[in-house]
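Colleague: Below is one structure. I have some questions about it.
The values are calculated or read from the model by the stated rules, or taken from the named source; none is laboratory data. From a predicted model like this one, the values you see are computed outputs, not experimental measurements. Heads up, the Cβs are rebuilt from the backbone with ideal geometry, glycines too, and the neighbour counts pull from every protein chain shown. All accessible areas refer to the heavy atoms of the entire protein, side chains included, with ligands and DNA or RNA removed. Shrake-Rupley method; radii C 1.70, N 1.55, O 1.52, S 1.80 Å.
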Amino acid sequence: MDDRMSECFLGVIKNKNLSAERWATNHRNMLDAKIPAGTLDEKWTEYKGHCKLVNPANKRKLEVIVVGTGLAGASAAASLGELGYQVKAFCFQDSPRRAHSIAAQGGINAAKNYQNDGDSVFRLFYDTIKGGDYRAREANVHRLSEVSANIIDQCVAQGVPFAREYGGLLSNRSFGGTQVQRTFYAAGQTGQQLLIGAYQALERQIALGNVKMYSRHEMLEIVEIDGKARGIIARDLVTGKLERHFGHAILLCTGGYGNVFYLSTNAMGSNVTAAWKAHKKGAAFGNPCFTQIHPTCIPVSGDHQSKLTLMSESLRNDGRIWVPKAKGDNRKASDIPEEERDYYLERRYPAFGNLVPRDVASRAAKERCDEGYGVGTSKQAVYLDFGAAIIRYGKIEISKEGKDNASQEEIIALGKEVVKEKYGNLFDMYEKITGENPYEVPMRIYPAVHYTMGGLWVDYELQTSVPGLYALGEANFSDHGANRLGASALMQGLADGYFVIPYTLGNSLADEIYAKAIETSHPAFEEAKKEVAGRIQKLMGIKGKQSVESFHKRLGKIMWEKCGMARNAKGLQEAITEIQALKKEFWSDVRIPGEIEEMNPELDKANRVADFIELGELMCIDALNRNESCGGHFREEYQTPDGEALRDDANYMYVAAWEYAGESKWNLHKETLNYEVIKPTQRNYK
Amino acid sequence: MEHYNMNLNLKVWRQKNCKSKGEFKLYRVENISSEMSFLEMFDVLNEQLIHDGEDPITFDHDCREGICGACSMYINGKPHGPWQANTTCQLHMRAFNDGDTVVVEPWRADAFPVIKDLMVDRSAFDRIIQAGGYISVNTGNAVDGNAIPIPKDDADASFAAAMCIGCGACVAACKNSSAMLFLSAKVSHLALLPQGAPERKSRVMNMVAQMDKEGFGSCTNTGACEATCPKEISITNIARLNKEYLGAGFTSDK
Ligand SMILES: Cc1cc2nc3c(=O)[nH]c(=O)nc-3n(C[C@H](O)[C@H](O)[C@H](O)COP(=O)(O)OP(=O)(O)OC[C@H]3O[C@@H](n4cnc5c(N)ncnc54)[C@H](O)[C@@H]3O)c2cc1C
Ligand code: SF4
Ligand code: FES
């Protein structure tokens, strides 16, 4: 494997001040995180106090392209439009309101400490770093934690109908990996409500003429001029025509790449294409193998399965996870008495119980199923049981009503009402999919691919290693280290879009006020367009026998089996060989029906799957390089005697930032992580 | 849950683009599992069509869990099919029996032109939101979230209206192709909150004007929208909208 990655480790130059020169020409060799000087809690304030500003008249002359209008993109496009920039926003759905963010269920974190239970900016920061298994940058995470409270205020002002208590104040719930209640929510539809808020702010800017929206458009290439990202080539998905768009800066807010596994909780269209094009144009890809497998999803039911459905982590607040104590126990859940049930999370992790972080909960489920204790027909499932919660809530309701001798039935009926109010839509969703009623029988759940911590490498300003090209939201690698805590992705997407990029973008655009818009007849645009057209023609010209879907499924199977919840060197090496072979087969035997200049979803999918295949290879290379276990990255060779992830801080306390160096070749750059405030320890949730 | 397999006859609307005339085509799918979703059944059909060298059927979909509002099939005469409070993507094949014939069409409304096959253009909904479906607050302008206590019942009612997924089934179900349920859901979501109060009058006037401009029909209170809405948006929202509209009409200074 060594010839595949020649290391050119240059490390991080820290504490450079803001006017530090740009890396225009040498960005390919160097990673400068541009972390501001000062103590951790002063860095962001310092930055904001000293970053360059663009005056309102000049903002009107500057054009910004925002690709993606999920939480990160919609919040960024709206905020930049409000500031006066000329914004063009793109999404592949028919409306920005349908971005994948809409599906987020459980909630959004913020260090408000409304519950007076000991929360603070520092504690949210600490939990996030620890939850990420000490593989995230302190300065970024601290900033995230600082702005978290502003997000809630902003969303409330927009009319986001968060859950409230009877006193009229905002309600909170707890989420995995923490011991405080800091999660704000709107039933099981938090992402929907937050996205609608950002979408409405965006539509307002569209109405005001500050943002021009391009729906049903897919970005297929970055245009680089004189070492800077200056535009994109996008395909109008309705007409199939290629378009050129100029921007003084380009923001990629294009979401995560969990669909490389084919089956995931992501929306069907979620893809890596935009990020991958940027990567091939010089943007380093950070920690590609860091994938989050979510513990509570509805298990696979057959070969026809097209996606997996999440059951929000908030359910672990009230649901107890168990399997039978006896192997291969085929009795119905209700026939298994209490003393024959193994509540394995409560047993193994008494301090956090069912609320351990996701990576820990997922591996524990896999361990039980692999050992033969799984339930359901496939035996690849564990129970998530609300029986105890229904009775607990029922008793509270009874006592509120002042009744002394309520029957068990009355208690259960009232308890179900409470559970319904909290999780009704999730229970309905479960019943629609499985045909089983979770108020009566425990849910069956199994881990599924859910989120990707890896993504485009960005510096403190969210700029990638290509000047002028930024990445926000799930598309970047930034804040979650090797494992993301629940309710923190929504927080990060909105932090990036509402409160970070409006400052950091200005800091570099201040140098661009004399830069005139470049005509899209410029040879670089011409060249990029030709490249895209050529690739599309090549794909259409293959006229092979196998569908795009069949290739995607095969890629997913390789990834899930060999680069999924548990990985080892042998499997990863095999996977790399298999993916390379799959790539050859794809490019010689894929069949794409229809024409180029029309609405052609098979062609859209082919473009995406071609990129997923290349990404899959890099993920395996990254997983093979990282000879340790941390967070969601579990290398079987590196574990403690009781099966917990075993980090190697001496050798791997770095961000692996991969530079594309030609087909199946990458160079590894390392950004060393320096922990100045937190002392990394073995994560302990016992 | 009993699982079973079935063979089905499908009668699907095919239309190359917005300019061409469409027609129904017949297809047969076999060995469909009752555990599949309706869209997974379409995946099977499309794989079959690709294999046979035919053009697969185009339809909108993304989240496949009932929240993005993209999916939009008119199944056996009902938007989103036979189940109550349900989207096309959440419909599962156990709703059907072996030998059934299933008719699938796009949303039909002048304001939703067909793009291809079962995919329509719903951008009119975005333009209605642009006309006033928001609270004008720039980033950074907000006060503390708990500075504005909101009675739980109001917050819950606002949330119930805000659950609309913008799918357009209400329009497809209505014999007049009215967008009143969609519009009223947005007006209610914002009118029920104190933050929405300052723009209450102009919002409703402008949004209704935009709706008329888009070519949606008028509301004659038949209730087909409420009956078909996957998010059970209540028709009482239309009553609230009418009240808001009348109130705004009498007192608006515009
Ligand atoms: C089922 C589910 C539940 C979740 N629940 C929670 C939760 O409770 N709390 C939490 O914090 N997080 C949750 N998450 C994670 C969170 O929802 C996502 O990480 C987050 O919403 C991502 O937002 P984003 O703006 O980065 O990207 P997305 O919302 O994925 O948006 C991507 C955007 O990019 C566009 N796009 C992509 N590629 C292109 C291209 N080439 N050209 C043009 N446009 C393009 C898309 O059209 C879209 O507009 C959940 C995730 C899932 C799957
Ligand atoms: S009101 Fe109901 S049917 Fe109409 S768009 Fe909203 S969710 Fe769809
Ligand atoms: S595909 Fe999203 S609601 Fe059906």
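Colleague: Mind listing whichever residues of region B:79-108 are open to solvent by 10 Å² or more (accessible area, probe 1.4 Å) and within 12 Å of ligand 2 (Cβ to nearest atom)?
Modeller: Of everything in region B:79-108, just one residue is open to solvent by 10 Å² or more (accessible area, probe 1.4 Å) and within 12 Å of ligand 2 (Cβ to nearest atom), namely B:Ala85.
Colleague: One residue is enough: does region B:44-61 have a residue meeting the conditions part of a loop (DSSP other than H, G, I, E, B), in contact (Cβ under 8 Å) with a residue 40 or more places away in the chain and within 16 Å of ligand 1 (Cβ to nearest atom)?
Modeller: Checking region B:44-61: at least one residue is part of a loop (DSSP other than H, G, I, E, B), in contact (Cβ under 8 Å) with a residue 40 or more places away in the chain and within 16 Å of ligand 1 (Cβ to nearest atom).
Colleague: Quick check on my filter: what residues within region B:72-94 are touching a residue at least 24 places away in the same chain (Cβ under 8 Å), of a type outside the set (Ser, Thr, Tyr), facing another protein chain (nearest Cβ under 10 Å) and outside any strand (DSSP E or B)? Reasoning before the result, please.
Modeller: Of the residues in region B:72-94, the ones touching a residue at least 24 places away in the same chain (Cβ under 8 Å) are B:72-81, B:85-94.
Cutting the leftovers down to of a type outside the set (Ser, Thr, Tyr) gives us B:73, B:75-81, B:85-86, B:89-94.
In the following step, the residues that additionally are facing another protein chain (nearest Cβ under 10 Å) were identified as B:85-86, B:89-94.
Listed by number, the residues that qualify are B:Ala85, B:Asn86, B:Cys89, B:Gln90, B:Leu91, B:Met93, B:Arg94.
Colleague: Would it be correct to say that B:Val143 is open to solvent by 10 Å² or more (accessible area, probe 1.4 Å), touching a residue at least 40 places away in the same chain (Cβ under 8 Å), more than 16 Å from ligand 3 (Cβ to nearest atom) and not basic (Lys, Arg)?
Modeller: Numbers: open to solvent by 10 Å² or more (accessible area, probe 1.4 Å): yes; touching a residue at least 40 places away in the same chain (Cβ under 8 Å): no; more than 16 Å from ligand 3 (Cβ to nearest atom): yes; not basic (Lys, Arg): yes.
It is false that B:Val143 is open to solvent by 10 Å² or more (accessible area, probe 1.4 Å), touching a residue at least 40 places away in the same chain (Cβ under 8 Å), more than 16 Å from ligand 3 (Cβ to nearest atom) and not basic (Lys, Arg).
Colleague: Is it fair to say A:Asn684 is open to solvent by 30 Å² or more (accessible area, probe 1.4 Å) and out of contact with any helix residue (DSSP H, G or I) (no Cβ under 9 Å at 6 or more places or on another chain)? Working first, answer last.
Modeller: Details: open to solvent by 30 Å² or more (accessible area, probe 1.4 Å): yes; out of contact with any helix residue (DSSP H, G or I) (no Cβ under 9 Å at 6 or more places or on another chain): yes.
Yes.
Colleague: Answer yes or no as to whether A:Ile222 is surrounded by 24 or more Cβ atoms within 10 Å (Cβ to Cβ) and under 23 Å from B:Ser123 (Cβ atoms). So that I can check it myself, show each step before the final result.
Modeller: Working: surrounded by 24 or more Cβ atoms within 10 Å (Cβ to Cβ): yes; under 23 Å from B:Ser123 (Cβ atoms): no.
Here the answer is no, as A:Ile222 does not meet what is asked.
Colleague: Select from region A:77-102 the residues that are among the aliphatic types (A, V, I, L, M) and more than 9 Å from ligand 1 (Cβ to nearest atom) and write down the one among them that is most open to solvent (accessible area, probe 1.4 Å). Reasoning before the result, please.
Modeller: So in region A:77-102, the residues among the aliphatic types (A, V, I, L, M) come out as A:77-78, A:80, A:83, A:87, A:89, A:99, A:102.
Now restrict to residues that are more than 9 Å from ligand 1 (Cβ to nearest atom): A:77-78, A:80, A:83, A:87.
Numbers: A:Ala77: 0, A:Ala78: 0, A:Leu80: 0, A:Leu83: 71, A:Val87: 6 Å².
Going through the qualifying residues, I end up with A:Leu83.
For (1) out of contact with any helix residue (DSSP H, G or I) (no Cβ under 8 Å at 6 or more places or on another chain); (2) closer than 16 Å to A:Glu461 by Cα; (3) of a type in the set (Gly, Ala, Ser), each residue gets a yes or a no:
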position	(1), (2), (3)
A:Leu40	no, yes, no
A:Glu46	yes, yes, no
A:Gly49	yes, yes, yes
A:Ala72	no, yes, yes
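Colleague: When region A:306-328 is examined, which residues are found to be surrounded by fewer than 18 Cβ atoms within 10 Å (Cβ to Cβ) and either touching a helix residue (DSSP H, G or I) at 6+ places or on another chain (Cβ under 8 Å) or outside any loop (DSSP other than H, G, I, E, B) (or both)? Before you say what the answer is, go through the steps one by one.
Modeller: Step one: filter region A:306-328 for residues surrounded by fewer than 18 Cβ atoms within 10 Å (Cβ to Cβ), giving A:325-328.
A:Lys325, A:Ala326 - these are the residues of region A:306-328 that are surrounded by fewer than 18 Cβ atoms within 10 Å (Cβ to Cβ) and either touching a helix residue (DSSP H, G or I) at 6+ places or on another chain (Cβ under 8 Å) or outside any loop (DSSP other than H, G, I, E, B) (or both).
Colleague: Among the residues that make up region B:42-49, is at least one of them open to solvent by 40 Å² or more (accessible area, probe 1.4 Å) and within 15 Å of ligand 2 (Cβ to nearest atom)? Steps first, please.
Modeller: Of region B:42-49, the ones open to solvent by 40 Å² or more (accessible area, probe 1.4 Å) are B:44, B:47-48.
Still in the running and within 15 Å of ligand 2 (Cβ to nearest atom): none.
No; the residues of region B:42-49 include none that is open to solvent by 40 Å² or more (accessible area, probe 1.4 Å) and within 15 Å of ligand 2 (Cβ to nearest atom).
Colleague: Okay, next question. Take region A:157-169 and flag every residue that is crowded, with 21+ Cβ neighbours inside 10 Å and in contact (Cβ under 8 Å) with a residue 40 or more places away in the chain.
Modeller: A:Gln158, A:Gly159
Colleague: Scanning for something open to solvent by 30 Å² or more (accessible area, probe 1.4 Å), within 19 Å of A:Asp459 (Cβ to Cβ) and not hydrophobic (A, V, I, L, M, F, W, C), does region A:51-69 turn up at least one residue?
Modeller: yes
Colleague: Let me ask you something else. Which members of region A:460-491 meet the condition of being more than 11 Å from ligand 1 (Cβ to nearest atom), farther than 14 Å from A:Ala136 by Cβ and in contact with a Ser or Thr (Cβ under 9 Å, 6 or more places away or on another chain)?
Modeller: A:Glu461, A:Leu462, A:Gln463, A:Pro467, A:Gly468, A:Tyr470
Colleague: Could you go through region B:132-140 and let me know if any residue there is facing another protein chain (nearest Cβ under 7 Å), free of Cβ contacts under 8 Å to residues at least 12 places away in the same chain, surrounded by fewer than 21 Cβ atoms within 10 Å (Cβ to Cβ) and farther than 18 Å from B:Gly69 by Cα.
Modeller: yes
Colleague: From the list A:Ala610, A:Ala623, A:Ala606, pick out the single residue that is open to solvent by less than 10 Å² (accessible area, probe 1.4 Å), part of a helix (DSSP H, G or I) and more than 30 Å from A:Thr239 (Cβ to Cβ). Quick ask: steps written out before the conclusion?
Modeller: Values: A:Ala610 fails: more than 30 Å from A:Thr239 (Cβ to Cβ); A:Ala606 fails: more than 30 Å from A:Thr239 (Cβ to Cβ).
One residue alone meets the criteria, A:Ala623.
Colleague: Sticking with this one: For region B:156-166, which residues satisfy the criterion of being more than 16 Å from ligand 1 (Cβ to nearest atom) and open to solvent by less than 10 Å² (accessible area, probe 1.4 Å)?
Modeller: B:Ser158, B:Ala161, B:Ala162
Colleague: Another question, then. From the list B:Thr87, B:Thr101, exactly one residue is among the polar types (S, T, N, Q), assigned by TED's automatic domain parsing to the domain that holds B:Ser34 and within 16 Å of ligand 3 (Cβ to nearest atom). Which is it?
Modeller: On the way: B:Thr101 fails: within 16 Å of ligand 3 (Cβ to nearest atom).
Checking each option against the conditions leaves just B:Thr87.
Rundown of residues vs (1) within 16 Å of ligand 2 (Cβ to nearest atom); (2) modelled with pLDDT under 95; (3) in a helix (DSSP H, G or I), yes/no style:
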position: A:Gly493; (1), (2), (3): no, no, yes
position: A:Gly497; (1), (2), (3): no, no, yes
position: A:Ser508; (1), (2), (3): no, yes, yes
position: A:Thr520; (1), (2), (3): no, no, no
position: A:Lys530; (1), (2), (3): no, no, yes
position: A:Gln537; (1), (2), (3): no, no, yes
position: A:Ile558; (1), (2), (3): no, no, yes
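Colleague: What are the residues in region B:62-78 that are on the phi < 0 side of the Ramachandran plot and either within 9 Å of ligand 3 (Cβ to nearest atom) or surrounded by fewer than 24 Cβ atoms within 10 Å (Cβ to Cβ) (or both), if any? Walk me through how you get there before you give the answer.
Modeller: Taking region B:62-78 and keeping what is on the phi < 0 side of the Ramachandran plot, we get B:62-63, B:65, B:67-68, B:70-75, B:78.
Matches in region B:62-78: B:Asp62, B:Cys63, B:Glu65, B:Ile67, B:Cys68, B:Ala70, B:Cys71, B:Ser72, B:Tyr74, B:Ile75, B:Lys78.
Colleague: Mind listing just one residue for me: the one in region A:108-123 that is open to solvent by less than 20 Å² (accessible area, probe 1.4 Å) and within 30 Å of A:Phe427 (Cα to Cα) and, of those, nearest to ligand 1 (Cβ to nearest atom)? Quick ask: steps written out before the conclusion?
Modeller: Within region A:108-123, the subset open to solvent by less than 20 Å² (accessible area, probe 1.4 Å) is A:108-111, A:119.
Subset that is within 30 Å of A:Phe427 (Cα to Cα): A:108-111.
Working: A:Ile108: 6, A:Asn109: 7, A:Ala110: 11, A:Ala111: 14 Å.
The residue in question is A:Ile108.
Colleague: Quick one: A:Gln105 ticks every box in (1) within 19 Å of the chain's Cα centre (by Cα); (2) away from ligand 1 (no atom under 13 Å from the Cβ); (3) not in a helix (DSSP H, G or I) bar one, so which box is it?
Modeller: (2)
Colleague: For the list (1) surrounded by fewer than 16 Cβ atoms within 10 Å (Cβ to Cβ); (2) closer than 30 Å to A:Ile102 by Cβ, I need the number of the one condition that B:Lys11 fails.
Modeller: The single condition B:Lys11 does not satisfy is (2).
Colleague: Looking only at region B:173-210, count how many residues are open to solvent by 10 Å² or more (accessible area, probe 1.4 Å), in a helix (DSSP H, G or I), within 16 Å of ligand 2 (Cβ to nearest atom) and over 19 Å from A:Leu195 (Cβ atoms).
Modeller: Number satisfying all stated conditions: 5.
Colleague: Between A:Gln200, A:Gln193, which is within 16 Å of ligand 2 (Cβ to nearest atom) and over 22 Å from the mean Cα position of the chain (by Cα)? Walk me through it before giving the result.
Modeller: On the way: A:Gln193 fails: over 22 Å from the mean Cα position of the chain (by Cα).
Being within 16 Å of ligand 2 (Cβ to nearest atom) and over 22 Å from the mean Cα position of the chain (by Cα) holds for just one of A:Gln200, A:Gln193, which is A:Gln200.
Colleague: Follow-up question, since we're still on this one. Looking at (1) charged (D, E, K, R); (2) crowded, with 24+ Cβ neighbours inside 10 Å; (3) under 19 Å from the mean Cα position of the chain (by Cα), can you tell me which one A:Lys130 breaks?
Modeller: (2)
Colleague: Looking for whichever is within 16 Å of ligand 3 (Cβ to nearest atom), touching a helix residue (DSSP H, G or I) at 6+ places or on another chain (Cβ under 9 Å) and open to solvent by 10 Å² or more (accessible area, probe 1.4 Å) here; the options are A:Ser264, A:Ser270. Which one fits? Walk me through how you get there before you give the answer.
Modeller: Working: A:Ser264 fails: open to solvent by 10 Å² or more (accessible area, probe 1.4 Å).
Just one listed residue meets the conditions, A:Ser270.
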